[in-house]
Each structure stands twice: as C-alpha cells, then as structure tokens.
C-alpha cells in the first residue's frame with residue numbers, strides 16, 4: 001500500500017475496552033531482550049516471544065533496542081548480504097505479531113536503500129510495516145565508528161522504500177486512541193544539541209521512542225537517566241528508551257540493557273541493568289495529562305516551526321487483554337514528598353520560600369510587630385514557625401512576633417494550652433483576649449438568639465477574632481499574618497472578611513496534608529528540644545474551627561473533616577483537578593486506586609461531589625484573597641495561577 005493510500009485510511013474509533021485507556025493511559029514497554037549476536041532468525045523468535053508476552057500485559061507500545069534484529073556490535077558483518085537480506089525478509093513475519101496483540105512494535109535493523117546502508121527503526125502495527133525512521137547523528141569518535149557502516153539520515157534521497165514511508169519526518173498516529181502520536185529518534189540523536197525529538201514533539205508527538213545501544217562506563221547511567229527525564233520535560237512528552245543488553249559483544253565495551261520510561265520530567269520505571277535475560281520496563285503514560293500540559297504551554301502554542309511532518313495513521317484495535325491495574329507511581333498524597341525523599345531538604349526549601357516571602361513583606365512595610373492569631377491548631381502553628389524563620393531573614397528580633405489567643409465558645413483546654421505552651425517554648429509574646437463577651441453583645445445588637453448555633457453564630461466569632469487582630473496590629477504598628485492554607489482556600493472553608501482576610505497569607509500555597517508533614521519535621525528535627533512534645537500533640541489534635549459550644553465534659557463538638565470530608569481526599573482531588581485538568585470521572589477512578597482499602601467508592605464519590613460544589617461556589621473568596629507565596633505546582637491566587645469565574649456552575653464530567 002502506498003503512503004498516500006495509508007494516510008487516507010481512517011477507521012471508526014471503537015469504544016475503549018478498559019477504564020485505564022478510557023482515561024487516557026497508554027501502556028508502554030522498554031525492552032532489552034536476550035540477544036544472539038548476528039543471528040537474525042534467533043532474534044526474531046525472541047522478539048516475537050517477548051511481544052506476545054507484553055500483549056498479554058496490555059502493552060500497546062513495545063520498544064526494542066537499536067539494531068535489535070542483528071545486534072548493535074556486528075561491525076563489518078553489517079556489510080554481509082546474507083544479514084541484510086535476512087532482516088528485510090524477517091520484518092513482515094515479525095509484524096504479524098502486532099495484528100494479534102493490538103500493539104505497536106519498534107525494532108532496529110540495518111536497511112539498504114539505493115546503495116547506502118542506514119541504521120533505522122522500523123515501526124510495526126496492524127500486522128504490517130508502517131514506516132522506517134533512519135538515525136540522523138552517527139557517533140564516530142572514541143569507541144564509536146558508525147560512519148564506517150552507515151550513512152546519516154541527511155543523505156536519504158527517497159521518501160518511500162517499496163511503498164513504505166521512510167524519513168525523519170514521520171509521525172505515527174493512532175486513530176483509535178486520542179493523543180497517541182509516536183515520534184522516533186535513535187540513540188545518539190538524543191545526545192545532540194537539538195535532538196530530533198524536540199521537533200517531533202512540537203509537531204505533535206506525545207510519545208517519543210528511542211531505540212538505543214548506549215554502552216556503559218562509570219557514571220553514564222545517571223547521566224542517561226537525567227537526559228531522558230529532561231527531554232521528556234522539555235518536550236512535555238512521554239519518553240521511552242530501550243538500550244542494548246549484555247548479549248552484545250564485549251570486545252572493548254559492555255552494554256547493560258538500560259531501559260527507561262519517563263513522563264514530563266519524571267522517570268516512571270527502569271530496567272535492571274547488566275542482565276543476560278530479557279529485562280522489561282513497563283509503565284502507563286498519561287496522554288491526557290500531556291495534552292493538558294501542552295494546552296497551557298506558550299512554547300507549544302507560539303511555535304512557528306516550518307518543519308513539516310508526515311503522519312502515518314494506524315488502528316490499534318482491541319488489545320489481547322486489558323488489565324484494569326495502573327502501572328505507574330500514584331500517590332494518595334500528591335503534595336507530600338514520597339518515602340525515600342530527602343525530607344530535610346524538602347522542608348527546608350518550603351520554609352525558605354514561605355519565610356523569604358514574608359521577610360520581603362516585612363522589609364517593605366517596615367512594621368514594628370507581626371500579629372498572629374495562635375489557636376493551637378496546625379495552620380497557625382506552621383505560620384508561627386515560618387514567622388520565626390522570616391524574622392531571622394529580615395534581621396528582626398523574635399520579640400517582633402506578637403501572638404494572640406482568643407478563646408471562645410468552642411475553645412478546648414487542649415488547644416488553648418498548646419498555644420500557650422508553644423508561645424512560651426519558642427520565646428514569643430502571647431496575649432490572651434477572650435471573645436465570648438464581645439460576641440454575646442454582638443448577638444444582642446443584631447438580634448440573634450444566642451442558642452441558635454447557625455452560620456451567623458460561627459462567623460460572628462471568626463470576624464470578631466479578625467477584628468481584634470487588625471486592631472492590635474494598628475496599636476502596635478504591625479502586620480496581621482494570615483494562617484489559612486491552600487486546602488481551605490479550595491473548599492472556601494473560611495469566613496469571608498474573617499479568617500479569610502489578613503495582610504499576608506503565609507500558608508496560601510501549602511495544602512493541609514503538607515502542613516502536617518512540615519510540622520512533623522519541625523517536631524522531630526527543627527524544634528525537637530524546645531517544642532517537640534507540644535508540636536506532636538498539635539499534630540494529633542482533631543482539626544476544628546472550634547466555633548460550636550463544648551460538650552458537657554469540655555470535649556470538642558466540632559470536627560472539620562466530619563463536615564467537609566477528609567483533607568487527604570480533598571488534596572488529592574485538588575491536585576488532579578487543577579494540576580492535570582482531570583475530569584471528575586478520572587479523578588474518581590484514580591482516587592479509587594490510590595485509596596484502595598481505606599476509602600470505598602461511595603465515600604470517594606460523596607466527598608468528590610462536595611469538593612466540586614464547594615470549589616465552584618467559593619471562587620469569590622479566592623478572587624479577593626490576600627497576597628501569599630506560591631510553594632508548589634498548584635496555587636489558587638487570582639493574580640497568578642488560577643483565574644476562574646465566580647459564577648461557574650461547577651459541572652464536571
């Protein structure tokens with residue numbers, strides 16, 4: 001079939017057969033197979049076997065190494081007619097595997113074209129050869145001598161070989177899997193100043209594949225890993241890299257079979273190196289996420305590249321099997337660093353961002369005090385810890401901090417006591433100003449029954465506390481430091497013109513799950529001696545605004561998570577909605593995986609509905625939120641990351 005005829009074929013898009021693919025995930029594999037050097041028929045049998053096994057795992061793209069049909073280290077054997085004929089004859093039978101498994105295979109081979117030999121990657125799907133992509137940059141120094149055998153892609157004078165497209169200008173697009181557009185480069189191409197994959201990505205490739213034969217020397221693996229991760233980040237793409245394995249010749253160098261799958265700067269998985277057995281790295285890449293990132297990227301929107309790529313269309317069809325599992329890291333707490341991360345480095349970085357932002361504001365305003373409402377809860381505790389660091393950076397004494405505890409109808413002895421003990425332990429001034437009398441008088445003034453514990457009852461207390469803080473700041477030439485966090489801003493869990501307002505919102509970029517993580521670190525490292533026990537008790541205290549009266553025995557009657565739901569769920573919803581633009585169905589599905597065994601489907605659905613409703617209804621609060629520093633990749637400042645109409649209906653499929 002000619003190229004023109006192939007690109008004209010468009011199949012009806014079938015309904016995906018598993019939720020994973022419905023939600024935009026493509027299962028890919030980087031394979032370093034066993035190798036019989038120079039034996040094409042043996043290698044074809046190995047590749048067929050591995051492809052069938054991968055098809056049984058639901059893999060849709062299987063990438064094999066550079067020159068995988070022969071072995072990379074065949075040297076002058078590449079000039080032998082028998083080998084060149086064998087690889088060309090083997091391709092059609094190898095392609096048949098893709099028809100049965102519903103996958104794309106990429107294999108490497110030497111290809112003779114009009115008297116020149118090219119190092120090419122063959123793309124196989126639908127039981128046929130879709131096209132050939134030749135290597136552009138041939139290494140020819142040190143241990144590499146490729147120009148002895150191969151010609152670079154720039155010398156290619158044709159666009160087809162036996163009716164099959166060939167060239168570096170080819171992209172392979174699945175017409176039954178939205179967003180799956182495959183671009184290729186080979187080994188050394190990635191190591192150049194401007195890799196061909198960069199242009200392929202700008203032309204629409206979301207999945208970049210690199211069949212490679214990079215040998216090993218000390219330190220090269222970490223450099224290769226960083227290179228693959230960085231290229232996936234620059235291109236806002238998935239990058240699949242398959243390296244030749246230990247079965248290659250060891251005459252002068254050793255090959256390790258390093259396979260990697262990266263997505264937008266993150267390595268999802270990689271193979272074990274230095275094995276003579278087949279090693280495979282399998283991961284699910286998120287095509288919808290990549291498309292969302294590109295929609296937001298000015299680099300992609302504004303590109304004026306004049307390079308024109310040809311698109312070869314194909315149909316994957318139904319996979320052999322469609323496992324519903326998800327093979328990629330998925331954290332239930334996406335804002336919190338994963339186990340194994342350098343906790344100290346992460347926490348110090350976050351503290352530095354928050355404290356530097358606040359210190360800059362203190363230097364600008366030249367205030368004589370910083371007034372902070374200290375409740376004994378998580379948010380005000382973090383704000384105080386950051387304030388102490390900010391005072392050092394602004395070269396102000398700790399005496400500049402003025403904390404105020406304002407007990408009301410729902411204040412427990414535990415939280416009040418923790419506020420008092422924390423202020424004393426950290427050496428900051430604490431004033432106690434009860435609000436009960438002022439609020440009761442306010443109820444008389446507005447004619448509100450004191451026994452009616454409604455929204456007016458609660459908000460009157462929050463606004464009274466804010467009024468006190470603002471007036472104390474005026475008395476002392478100070479600045480009121482806000483304590484509300486990112487999760488509360490997302491849910492609108494704050495009183496408008498009450499705790500919603502301050503002169504600098506130092507926790508504005510920190511979600512609740514991360515607040516707890518930071519305080520845990522401070523309790524065990526930063527302030528372990530001075531206040532470790534107090535901080536641990538604050539962490540263990542149920543989250544509450546303490547606005548409803550206490551029980552008969554002085555116990556807390558109001559817990560935030562009983563009303564709005566678990567913060568760990570809301571932070572998960574927030575991250576995937578704002579950071580990745582996920583649909584409600586996709587968020588629901590991902591949450592079911594992330595919280596399996598902890599929150600069932602009904603609970604997730606209940607609180608997701610609450611989150612979406614509150615997120616839509618409370619944009620007006622975020623539209624008038626005070627200044628505050630962005631900390632992570634998700635922020636809700638109307639002046640920066642998030643611009644949303646306050647009148648959005650909140651409907652999201």
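Quick notes
- Cα-based shape type of the range 494-647, given that a ≥ b ≥ c are square roots of the gyration tensor eigenvalues and the cut on a/c is 1.5: rounded
- Dividing the mean sequence gap of close Cα pairs (under 8 Å, 6+ apart) by how many residues the range 343-557 holds gives a relative contact order of 27 percent.
- Ascending count of other beta-carbon atoms within 10 Å, so fewest first, for 80, 500, 292: 80, 292, 500
- Percentage, to the nearest whole number, of Cα pairs in the range 305-433 over 17 Å apart: 71
- Summary of packing: across the peptides 601-608, 25-32, the per-residue average of other C-beta atoms within 10 Å ranks them, highest first, as 25-32, 601-608.
- Kirkwood estimate for the range 238-377, i.e. one over the average of 1/r between Cα atoms, Å: 21.3
- Values of log10 I(q)/I(0), in the order q = 0.08, 0.19 Å⁻¹, for the range 343-557 under a Debye, Cα-only, solvent-free model: -0.26, -1.52
- If R0 is taken as 56 Å, the Cβ-Cβ distance between residue 617 and residue 429 corresponds to a FRET efficiency of 0.90.
- Acute angle (nearest 10 degrees) that the helix 512-521 long axis makes with the longest principal axis of the chain, alpha-carbon atoms: 80
- Principal-axis tilt of helix 343-365 within the chain, Cα atoms, nearest 10 degrees: 50
- Shape of the range 147-228 from the C-alpha gyration tensor: oblate (a/c of 1.5 or more and a/b not above b/c, with a ≥ b ≥ c the square roots of its eigenvalues).
- For the chain: relative contact order, % (alpha-carbon pairs under 8 angstrom, 6 or more apart): 12
- Between helix 584-594 and the chain there is an angle of about 90 degrees, using the helix long axis and the longest principal axis of the Cα atoms.
- With neighbour counts taken as other beta-carbon atoms within 10 Å, the residues 105, 503 rank, fewest first, as 503, 105.
- Counted by neighbouring Cβ atoms within 10 Å, the residues 239, 223, 255 run from fewest to most as 223, 255, 239.
- Label sites at residue 36 and residue 562, each approximated as a point 7 angstrom past Cα along Cα to Cβ, lie 7.1 nm apart.
- Projected label points at residue 647 and residue 162, each 7 Å from Cα along the beta carbon direction, are separated by 6.5 nanometres.
- Packing-based order for 184-190, 538-544, 641-647, using average beta carbon neighbours within 10 Å, highest first: 184-190, 538-544, 641-647
- Gyration tensor (alpha-carbon) shape descriptor, the range 538-621, a/c threshold 1.5: prolate
- Mean separation of Cα contacts under 8 Å (6+ apart) over length of the range 478-624, as relative contact order %: 25
- The spacing between the range 433-471 and the range 205-232, judged by their C-alpha centroids, is 62 Å.
- Rounded to 5, percent antiparallel among DSSP beta bridges of the chain: 55
- Between the range 103-128 and the range 322-354, the Cα center-to-center distance that results, in Å: 40
- Sorted peptide list for 165-172, 571-578, criterion being average Cβ within 10 angstrom, highest first: 571-578, 165-172
- Computed lengthening from residue 302 to residue 520, 0.36 nm per intervening residue step minus Cα-Cα distance: 74.1 nm
- Applying 1/(1 + (r/R0)^6) with r as the Cβ-Cβ distance of residue 583 and residue 147 and R0 = 51 angstrom yields a FRET efficiency of 0.50.
Values quoted throughout were computed directly from the atomic coordinates according to the rules given, and no laboratory measurement underlies them. The structure presented is a predicted model; accordingly, all values stated were derived computationally and were not measured. Positions of Cβ are generated from backbone atoms using ideal geometry, with glycine treated the same way; all protein chains shown enter the neighbour counts.
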